[in-house]
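Notes to accompany the following structure.
The values are calculated or read from the model by the stated rules, or taken from the named source; none is laboratory data. Treat the numbers as computed from the prediction; the structure is a model and nothing was measured. No Cβ is skipped: glycine too gets one built from the backbone with ideal geometry, and neighbour counts run over all protein chains shown.
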Amino acid sequence: MSFVLRHKPDAIGLTLDPQGWTSIDELIAKSNAAGTRLSREDLLHVVETSDKKRFSVSADGLRIRAAQGHSVAVELGSPAQEPPTTLYHGTATRFVDSILSEGLKSQARQQVHLSADEATARCVGQRHGQPVILKIEALRMHAQGFKFYCADNGVWLTDQVPPEFLTPS
């Protein structure tokens, strides 16, 4: 589901609306037609048990979308908001020098992902090797005009983090 809803909906012939939503029934039908057996119960189980809360179901229960992490163009519609004083980013040691000189960039995704706490950032960083936690002076960035958004699953998003706002933890 992550692959389809975040990166390649066309892999199964699915279309996302501008906010990233698609019909649950259509996702199930196209997944099944593409060879991945999926029922509504399976889908809802994944949504409910996802440790990262990667998916959102619409209030009417008819649509689904990825909460964040898209590499396809979507506008989640989250309003810009004032972030906490400090946010965190977990990465691997091999990326630190580059990040500290160039800042955090969205790379293949639409936005940079930040965590509200160090523990979550550490888990993210561990996926890429020996983790390093970077502190982001988010409130200072915000005061200088940078916009921050909080996704449905609590992940903070921004377009970039220049190096002057980064400190290794």
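At a glance:
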item	result
Tally of residues being outside any strand (DSSP E or B) and either within 14 Å of the chain's Cα centre (by Cα) or without any contact (Cβ under 8 Å) to a residue 12 or more places away in the chain (or both) across the range 90-108	5
Tally of residues being of a type outside the set (Lys, Arg), under 16 Å from residue 103 (Cβ atoms) and in a strand (DSSP E or B) across the range 134-155	2
The range 119-169, residues that are among the acidic types (Asp, Glu) and either on the phi > 0 side of the Ramachandran plot or at pLDDT 95 or above (or both)	137, 164
Selected residue (criterion: surrounded by the fewest Cβ atoms within 10 Å (Cβ to Cβ)) from residues of the range 31-78 that are of a type in the set (Lys, Arg) and more than 15 Å from residue 7 (Cβ to Cβ)	37
Single match in 144, 111 (criterion: touching a residue at least 12 places away in the same chain (Cβ under 8 Å), over 14 Å from residue 169 (Cα atoms) and polar (S, T, N, Q))	111
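Residues checked against (1) at pLDDT 90 or above; (2) in contact with an Asp or Glu (Cβ under 8 Å, 6 or more places away or on another chain); (3) more than 13 Å from residue 152 (Cα to Cα):
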{"residue": "9", "(1), (2), (3)": "yes, no, yes"}
{"residue": "16", "(1), (2), (3)": "yes, no, yes"}
{"residue": "43", "(1), (2), (3)": "yes, no, yes"}
{"residue": "70", "(1), (2), (3)": "no, no, yes"}
{"residue": "74", "(1), (2), (3)": "no, no, yes"}
{"residue": "85", "(1), (2), (3)": "yes, yes, yes"}
